[in-house]
Structures are given as C-alpha cells and as structure tokens.
Amino acid sequence: MTASENNVEYTLKQIEITPTVSAAQNACKLCAPLGAALVYKGIRGAVPLLHGSQGCSTYIRRYLISHYKEPVDIACSNFGEQTAVFGGAVNLKLALENICRQYEPSLIGVATTCLSETIGDDVPMFIKQYLAGQTAASVPPIVHTSTPSYQGSHMEGFHRAVLATVATLAARQKETEAAGVNLFPGMLSPADIRHLKEMTAAFGLAAMVLPDYSQTLDGGLWESYHRIPAGGTPVDAIAHAGDAAASIELGHALAHVAETAAALLDERFGVRAVRLGFPMGIRHTDAFLQALSAVSGRPVPTVYREQRGRLLDTLVDGHKHVNNIRAAVYGEEDLVAGIVAFLTEIGIHPVVCGSGGHSRHLTGVLEDLVPASWRAEMTVLEGADFTAIETAVAKAQPDLIIGQSKGYAMSRRLSIPLVRVGFPIHDRMGGSRLLHVGYEGAMALFDRIANALIEQRQDGSEVGYTYM
Ligand code: SF4
C-alpha cells in the first residue's frame, strides 16, 4: 500500500497488526482490574474491591506496591471452588459489609476479575440487592466496573472505571453558571498529575481531577497507620462534575473512543468536551495550555512561557546527541503516542512502536504524528506481546529503547540502552516521580534520552573521555 503526502511517497507495508496467536508470551499489557483499582485509589476515602479470587488482588497489589512504593489495600471477595460453581453473590455481600465496617469508606469501587466475568455473575444486580437491605446513611456509593482482562488491557480497565465513576456519581447540582473544569488525565504518574493540577490552578481554574492518586500513591511518611491514605478526588467534587464549564480529557488513542467520561458529561449535562493527546513535548503541551486558556479566559502564565523557552534552549544545546537517532517505543497506546510525538520534535525516528493494547487506534494516531518521510521505516505492533516486539526491535536495530521496566530483558539481550517511562517500573527507584508531561517533563525526558545515548558511546569508547 502506498500513499502520497506533501509529494513524498511512503509505504505503509511495515505498519502491521500482529496476527492472532493462541497464547501471549510475556504480555506487553497488564490486567484490566489493575487499571480500575488504580482509578479507585485516586478517589478520596475509596476502597477498591476485586470481585474474584485472592490471587488476582495479590498480583495487583504486588504490581502497584512495587512501582509506587506505598501501601496499597485492595479488598477481595475471595472466590473459592463453591463460588466458582454457584456464583459470587454471597461473597460480594460479605465483602461489602466487611469493608464498610473496617474502613468506613467514602466509596467502594468494585472491579470484576476474569473468573467472575466468565461465570457470568450479575454484579449490578448483586449490588442492587445489597443496597436494598441498607439505609442510605449506612453505605457509601458503590461504583461497579466490568473488567474482563481477556477483553482489554489495564488501560481499558482504567478508562472504564473513570467512566463508571462519573456515570454513577455525576450530576448537575447547581443552577448557577457553569464554572471550573473536569480534568481526566489518563494513566500518568503521580508527578504528572501534580504538575497538571499546578498548571490548571495557574489559570485560576477550580479543577475536579479524576483520578488523582498524586498523594494516595506518592505521599509522605506516616507517623501512624492510616487504613486509607490521605488525598484523592473528593466524591462530592465528582458529584458536581455536571456543573463544570468544560472537561479536558487526555490521551491520543482515547480521543477516538466514543464512550468516555468527557463524552458522557457532554451528552448528559452539556459540559463541553475538549479531548487532547497527552501534553508531552512542545506541540501537545502548547495545546493543553491553550485549552486551559480558552476555558479560563486568561493568557498563558509567564512561568510556562519561561519553561517553554528553557525547553527550546535545552533542545538546541543537545540536538547533536539525538538528531537522526532511531528508537523503539512500547507500552500503553496513549503513552507510546505521547512519546512518539515528542521524539518527532527532537529528530529521533521511531522505528518500532509496540503496544499490548488493541484499540485499533494506535496506527492511525501514529500516522498523524510521524512525518510521512519517516513512516516507511516504522513498524507498528498493536495487541503485541514482548516476543513480537523483541523480534521487531532485533530486526530494526534501533539505537535506543523507550518503555517500562518489563522491556529490560529485551534491552539486555540486544545490548540497546533502555530509557524507562510509564508503568510499571519495578527495577528502579522513582517510578512514581517520573515527570512526562509539560515543558518540564519534556526537558527531563530529553536529558534522560540524551544521557543514555552519551553514556553508551562513552562506555563503548576505547580511550574513555570525561569531557564532551
Ligand atoms: S485472572 Fe484475570 S483478573 Fe485475575 S490477575 Fe489474571 S488477568 Fe487479572
């Protein structure tokens, strides 16, 4: 297949979707309830409840704790053999009662595991039956997200949980003029969420940020044990989401999904939906700030103009280290797209782009982001596992790999440096503090990319050098 754009002929033959295989080898995605649990961890006073077996909740706790280095309580309805045969209604009711008694939560977020989905548990009906026997004051709101992992990745679980939370709680509470903004940041780091909140506040906008795990999963040292960590989006604020002047929803691939939290608020309450890619790199940070400027009616604050200037200066200083470098990028679709958008701004050619996500939007999104003349060399893998990604990387022989820590084995086997981004990062400190967004995030990412390349050249030098 060929196409012409700006008089440049390019071929799309290398852009492919991996064929369906009977088993994934080392999946490049995580389980869907993990994404939902992450969203619930970003709601103030909430407790996530996995409806399924203990192994699922243990795996998710282990993954989240290892990355965020914080205590992560996730309740479980504890399926056994009998539950698998007769259904989980009794277990779910008992789990809800235990959580209410032990945690006194402001919200319980239920996510279903593969087993409960496979046996066909009617969880909405179970919750309805449970609530029918309670007084309104005795139980918090209960949000249910359907998250069969065989139908999606942790990203689908994440976005479905955001949508389910908004669909359950949001209303139009005030008759006064709409004000403030709903911000749906997508699956970014706690440092990213903090930075987005600072940027929004700099425009004088009151923001409902969902989820907000910037404190719950990256908090300070405790002097005494807290059953539920401080921080998170207040349930009341979510209930007022219908009063906002606009919703800003971030994610390149998510922008192509019809049913999202921002779309629902637009449809139900007329809250204007602004759907953008992750604000990574110059263009997409510009777009995010312009959106905030349009919603608030205020100009972009000086502090961000200054940060933009420092970023441009940094790129000029270091362009010789990165220009015409070839990179492989893998991970969640929105993150891959965000990273690729930035790489194209600094002269790095993305030659392999892989994701375990299978929304079928990634290829189109990347075609829009990558210059036509570069695409002939670009292989895009959707719904891929690490075996498929490593095969493509070994063939392309890029200078650099960018992705989460599960790609370390590939990087080691191929002797190609790995720059760690996203989630999970299990073999380094500071995963929760990695900043990807904004001009400052771009500067930090640029330094790490340039330094990884410099380090490899320095280590490979016969004489060694201490001055560039
Ligand atoms: S069985 Fe399903 S829900 Fe449980 S850990 Fe595995 S993928 Fe996740």
### Task
Please find, among L188, L205, the residue that is farther than 22 Å from G431 by Cβ, part of a loop (DSSP other than H, G, I, E, B) and open to solvent by less than 30 Å² (accessible area, probe 1.4 Å).
L205
### Checking A258 against (1) touching a residue at least 60 places away in the same chain (Cβ under 8 Å); (2) farther than 22 Å from A201 by Cβ; (3) aliphatic (A, V, I, L, M), the condition it does not meet
(1)
### Message
Filter segment 148-168 down to the residues that are away from the ligand (no atom under 16 Å from the Cβ), open to solvent by 30 Å² or more (accessible area, probe 1.4 Å) and more than 16 Å from the chain's Cα centre (by Cα) and list them by number.
### Response
A167, T168
### Task
Collect the residues in segment 359-370 that are surrounded by fewer than 20 Cβ atoms within 10 Å (Cβ to Cβ) and either of a type in the set (F, W, Y) or without any contact (Cβ under 8 Å) to a residue 40 or more places away in the chain (or both), keeping them in residue-number order.
D368
### Query
Could you list, in sequence order, the residues of segment 93-117 that are not in a helix (DSSP H, G or I) and not polar (S, T, N, Q)?
E104, P105, L107, I108, G109, V110, A111
## Note on the structure
Selection over segment 232-279 where residues are open to solvent by less than 20 Å² (accessible area, probe 1.4 Å), under 24 Å from F342 (Cβ atoms) and assigned to a strand (DSSP E or B) yields a count of 3
### Task
Return only the number of the condition from (1) closer than 22 Å to P424 by Cα; (2) at pLDDT 95 or above; (3) of a type in the set (S, T, Y) that S146 does not satisfy.
(1)
### Task
Test G460 against the stated conditions and say whether it is of a type in the set (G, A, S) and modelled with pLDDT under 95.
yes
### Task
Using the structure shown, decide if G356 is open to solvent by less than 40 Å² (accessible area, probe 1.4 Å), on the phi > 0 side of the Ramachandran plot and not in a helix (DSSP H, G or I).
no
### Query
Are there any pairs with C-beta distances below 7 angstrom linking a residue in segment 325-343 that is in the same structural domain as L362 (by TED's automatic domain parsing) and more than 19 Å from Q456 (Cβ to Cβ) to a residue that is among the charged types (D, E, K, R) and at pLDDT 95 or above, with the two at least 6 apart or on different chains, and if so which?
A341/R283
### Task
Using the structure shown, decide if E104 is surrounded by fewer than 18 Cβ atoms within 10 Å (Cβ to Cβ), out of contact with any strand residue (DSSP E or B) (no Cβ under 6 Å at 6 or more places or on another chain) and not assigned by TED's automatic domain parsing to the domain that holds R433.
yes
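On the given criteria, is F386 touching a residue at least 40 places away in the same chain (Cβ under 8 Å), among the aromatic types (F, W, Y) and surrounded by fewer than 24 Cβ atoms within 10 Å (Cβ to Cβ)? I'd like the intermediate steps shown before the answer.
Numbers: touching a residue at least 40 places away in the same chain (Cβ under 8 Å): yes; among the aromatic types (F, W, Y): yes; surrounded by fewer than 24 Cβ atoms within 10 Å (Cβ to Cβ): yes.
Yes: the conditions hold for F386.
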## Note on the structure
Only unsatisfied item for Y408, checking (1) surrounded by fewer than 18 Cβ atoms within 10 Å (Cβ to Cβ); (2) part of a loop (DSSP other than H, G, I, E, B), is (2)
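For segment 132-147, state whether one or more residues are more than 16 Å from the ligand (Cβ to nearest atom), part of a helix (DSSP H, G or I) and β-branched (V, I, T).
Start the filter on segment 132-147 by keeping residues that are more than 16 Å from the ligand (Cβ to nearest atom), which leaves 132-143.
Subsequent filtering for residues that are part of a helix (DSSP H, G or I) retains 132, 136-138.
Checking which are β-branched (V, I, T) leaves us with none.
No, there is no match, as no residue in segment 132-147 is more than 16 Å from the ligand (Cβ to nearest atom), part of a helix (DSSP H, G or I) and β-branched (V, I, T).
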### Query
Quick check: is even one residue across segment 209-231 crowded, with 17+ Cβ neighbours inside 10 Å, modelled with pLDDT of 95 or more, within 29 Å of H358 (Cα to Cα) and over 21 Å from the mean Cα position of the chain (by Cα)?
no
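Just to be sure, is A95 touching a helix residue (DSSP H, G or I) at 6+ places or on another chain (Cβ under 7 Å), open to solvent by less than 20 Å² (accessible area, probe 1.4 Å), at negative phi and not assigned by TED's automatic domain parsing to the domain that holds L254? Step through it out loud before you land on a result.
Values: touching a helix residue (DSSP H, G or I) at 6+ places or on another chain (Cβ under 7 Å): no; open to solvent by less than 20 Å² (accessible area, probe 1.4 Å): yes; at negative phi: yes; not assigned by TED's automatic domain parsing to the domain that holds L254: yes.
Spelling it out, it is not the case that A95 is touching a helix residue (DSSP H, G or I) at 6+ places or on another chain (Cβ under 7 Å), open to solvent by less than 20 Å² (accessible area, probe 1.4 Å), at negative phi and not assigned by TED's automatic domain parsing to the domain that holds L254.
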### Hits in segment 24-73 - residues which are open to solvent by 60 Å² or more (accessible area, probe 1.4 Å) and either within 10 Å of the ligand (Cβ to nearest atom) or part of a helix (DSSP H, G or I) (or both)
K29, Q54, T58, Y59, R61, R62, I65
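Restricting the search to segment 359-382, which residues are within 23 Å of the chain's Cα centre (by Cα) and outside any helix (DSSP H, G or I)? Write out each step before concluding.
Step one: filter segment 359-382 for residues within 23 Å of the chain's Cα centre (by Cα), giving 359-370, 379-382.
Matches in segment 359-382: S359, R360, H361, V370, T379, V380, L381, E382.
The values are calculated or read from the model by the stated rules, or taken from the named source; none is laboratory data. Worth saying up front: this structure is predicted, and the values here are computed from it rather than measured. Every residue, glycine among them, receives a Cβ derived from its backbone with ideal geometry; neighbour counts consider all protein chains shown. Heavy atoms of the whole protein, side chains included, go into the accessibility calculation; ligands, DNA and RNA do not. Shrake-Rupley method; radii C 1.70, N 1.55, O 1.52, S 1.80 Å.
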